[in-house]
Ligand code: URA
């Protein structure tokens, strides 16, 4: 629940002072009932809020980023182990968020949580070609031959063929890996396939959204529509209409 005037100031370009006058003038209704005080608490997800009879849009779907620590499961809940949803601040627990794809228990970095199934589907599906970039610390140094093998698409030990990926060395025992799919333990298995087992793995970006450019509070931050657009270009306008 939040104050009506706060919500209206988020939804409209009108100043707080003007909003006060607009509300006093009886131009705002909550569930078809005229309100006269901005202090009234409303539920933006459920209440029907109109200005001059026009229903105001609200982001029904919410997306958050987290800097996942190692040692935490990417799952909604688990009987024995700590999950990413256990770490979610209590004010967001009722939003029905779920993780967008998976990071292994031992992988850290950028993980998205959303209650928008279509957004999650598009981020995960290779069809939408959303690039995910990881920084890996490896045993051994990657070579130009390894880069070529990644660029061509690798055959993993179980015979699975990966889509082409980008491998960029970064010093003696580090490299960046960019993939557009998310098969089980994909980056670890790709680097193992070229004889460079992964010692540490961290996801740095999803599409154009970079973990280094986000301001986390207690490990989480809500993404604006513009930040969602960095992940999936063009998604913003669609979200606003929902
Ligand atoms: N690839 C992996 O091997 N692990 C992850 O957590 C993500 C991508």
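Summary table below
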| quantity | calculated |
| --- | --- |
| Residue within region 31-52 that is modelled with pLDDT of 90 or more and either under 27 Å from the mean Cα position of the chain (by Cα) or under 30 Å from residue 100 (Cα atoms) (or both) present | no |
| Filter pass, residue 156 being at pLDDT 95 or above and either within 13 Å of the ligand (Cβ to nearest atom) or closer than 22 Å to residue 106 by Cα (or both) | no |
| Among the candidates 225, 205, residue that is surrounded by 14 or more Cβ atoms within 10 Å (Cβ to Cβ), in contact (Cβ under 8 Å) with a residue 60 or more places away in the chain and more than 13 Å from the ligand (Cβ to nearest atom) | 225 |
| In region 62-102, the residues that are surrounded by fewer than 16 Cβ atoms within 10 Å (Cβ to Cβ), on the phi < 0 side of the Ramachandran plot and part of a loop (DSSP other than H, G, I, E, B) | 69, 70, 76, 77, 78, 79, 80, 81, 82, 86, 87, 89 |
| Residue that is out of contact with any helix residue (DSSP H, G or I) (no Cβ under 7 Å at 6 or more places or on another chain), surrounded by 15 or more Cβ atoms within 10 Å (Cβ to Cβ) and closer than 30 Å to residue 112 by Cβ, where the choices are 55, 7 | 7 |
| Residue that is closer than 19 Å to residue 218 by Cα and in contact with a helix residue (DSSP H, G or I) (Cβ under 9 Å, 6 or more places away or on another chain), where the choices are 89, 99 | 99 |
| Looking only at region 169-194, and only at residues there that are more than 16 Å from the ligand (Cβ to nearest atom) and surrounded by 14 or more Cβ atoms within 10 Å (Cβ to Cβ), the one that is nearest to the chain's Cα centre (by Cα) | 169 |
| Any hit, region 105-122, residues being within 13 Å of the ligand (Cβ to nearest atom), farther than 12 Å from residue 206 by Cα, surrounded by fewer than 19 Cβ atoms within 10 Å (Cβ to Cβ) and more than 12 Å from the chain's Cα centre (by Cα) | yes |
| Condition met for residue 162 (touching a strand residue (DSSP E or B) at 6+ places or on another chain (Cβ under 7 Å) and in the same structural domain as residue 73 (by TED's automatic domain parsing)) | no |
| Selection count where residues are within 15 Å of the ligand (Cβ to nearest atom) and assigned to a loop (DSSP other than H, G, I, E, B), scope region 123-138 | 2 |
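The values are calculated or read from the model by the stated rules, or taken from the named source; none is laboratory data. As the structure is a computational prediction, the values presented were derived from the model and not from experiment. No Cβ is skipped: glycine too gets one built from the backbone with ideal geometry, and neighbour counts run over all protein chains shown.
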